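Take a look at the structure below.
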Amino acid sequence: MTVVNSKEFATNQKKFYGMALNERIFIKRGKNMFYLTCASFEDDEVSDLADAIAAEKDENISVDDYLKSIYERAKCGLK
């Protein structure tokens, strides 16, 4: 687990994105803490993700359904 401040993260984003593939990265900004996570998509899932993003603009889809569709497509090995 690594904790960085927002200025350090902004300066070294590539470094921390790479680290996030293997460990948990937390970004501290003021009183808030953000968690950097990764998601990998297969080629055929990219078009599904684009459909989900387009559906976000559709007023008929609920936020829960949208987030659920993103979650189901995400694959990440967290340690």
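Bear in mind these aren't lab numbers, they're just calculated from the coordinates by the rules spelled out. Here the structure is a predicted model, which means the values were calculated and not measured. Neighbour counts run over all protein chains shown; Cβ positions are idealised from the backbone, glycine included.
Site pair F34 and M19 shows an inter-label distance of 1.5 nm when each label is modelled 7 Å from Cα along Cα→Cβ. Listed values for segment 9-17 are Karplus-derived 3J(HN,Hα) couplings in whole Hz (6.51 cos²θ - 1.76 cosθ + 1.60, θ = phi - 60°), namely 4, 4, 6, 10, 4, 4, 4, 6, 5, and x replaces Gly and Pro.
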